[in-house]
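A short write-up of the structure that comes next.
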Amino acid sequence: MSHPLWQGAALMNPHLTEIAYILDRSGSMQNMREAAVAAFNNFVKTQLDVPGDARLTLVQFDDSYEVHVAAKPVQDVPELTAATYQPRGSTALLDAIGRTIKETDRRLKTLPETEKPGKVIFAIFTDGEENASQDYSAKHISDLIRLFRGEKGWEFIFLAANQDAIATASAMRMDSSLSSGVAFSHKGIKSTGSAMARKVRAMRMKSSGSMDAQALEDDAKSMSEIIQEEENKPDDQA
């Protein structure tokens, strides 16, 4: 697929990936706090071992929006803790997605071509349905994602508990194979980090043109398949 808005792609860095991790911090996550923290930290740990460079932004949202980590090299991302992840409030999912897309796009436009990433990936987790957005409608998000997927080649991974994640993702014009429901349990929430880590690892290696056997396998699998594998692992391997 051609991405006409990214002219000069030969000058972009195919070994650099931009990752936006959007994490639900609404009050219903209180009992899953430890699992959400572990999921994010496991995600980052996996990315450290992937060849190439990555910048990561961590957005936490409830009915407010907070950029906890702003475009840091993945090796400089601090661990998430109970002190820095405190569930509260309601679920402004659309606002979090829309604002992160706009802010990421605005920042990338200011970079020299050689500092622009060869791949942009959004990894999104929510445990509940949208109920508090003020600035972005479902149609607005659908239009944005269609634009950024189609013309800029951005990827969107969407995992959700307590809803039909594939239907929600499809309504937002995300790739249904990159979406999955997850169990609302400690193991289910923790599995989101390892599952997204596997898929993002495969995407990064594919973008750089060098894939190992695990990356080839994970690239071919849907997120639902990867989630199922992670949730079925014995507790000492999860």
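Just to confirm the filter: which GluC sites (Glu not before Pro) across segment 14-113 are DSSP coil and have at most 14 other Cβ within 10 angstrom of their Cβ?
Of the GluC sites (Glu not before Pro), the ones in loops of segment 14-113 whose Cβ has at most 14 other Cβ atoms within 10 Å are 79.
Filter the cross-link list 152/221; 109/190; 45/72; 102/187; 152/233; 72/221 down to pairs whose alpha-carbon distance in this structure exceeds 26 Å.
Details: 152/221 23 Å; 109/190 34 Å; 45/72 14 Å; 102/187 33 Å; 152/233 36 Å; 72/221 29 Å.
Where the Cα-Cα span goes over 26 Å, the pairs concerned are 109/190; 102/187; 152/233; 72/221.
Can you put 53, 62 in order, fewest other beta carbons within 10 Å first?
In order of increasing Cβ crowding within 10 Å: 53, 62.
Residue 157's amide H: which non-local residues (gap 5+, or another chain) put their own amide H closer than 5 Å, with H modeled 1.01 Å from N in plane and none for Pro or chain starts?
Residues meeting the criterion, in which the H sits 1.01 Å from N, are 122, 123, 124.
Which residue, 134, 75, 60, tops the fluctuation ranking in a GNM of the chain built on C-alpha contacts under 10 Å?
Per the Cα network of the chain with a 10 Å cutoff, 134 tops the list.
With Rg and the Kirkwood Rh both taken from Cα atoms, where does Rg over Rh land for segment 10-231?
Ratio of gyration radius to Kirkwood radius: 0.93.
For the modelled label position 7 Å from the Cα of residue 82 along Cα-to-Cβ, which residues of segment 16-56 have backbone nitrogen atoms closer than 19 Å?
Backbone N within reach: 25-42.
With springs only between Cα atoms under 10 Å apart, run a GNM on the chain and tell me which of 132, 82, 195 wobbles the most.
82
Taking Cα pairs under 8 Å and at least six residues apart, what relative contact order does segment 10-231 come out at, in percent?
25 percent
Taking θ = phi - 60°, what integer Hz values does the Karplus form 6.51 cos²θ - 1.76 cosθ + 1.60 yield along segment 176-186, in sequence order, with x for Gly and Pro?
Values, residue by residue: 4, 6, 9, 10, 6, x, 9, 5, 8, 9, 4 Hz.
Every number here is computed from the coordinates shown, using simple stated rules; none is lab data. Because the structure is a prediction, the values reported are computed rather than measured. Methodologically, a virtual Cβ is constructed for each residue, glycine included, from the backbone with ideal geometry; neighbour enumeration extends over all protein chains shown.
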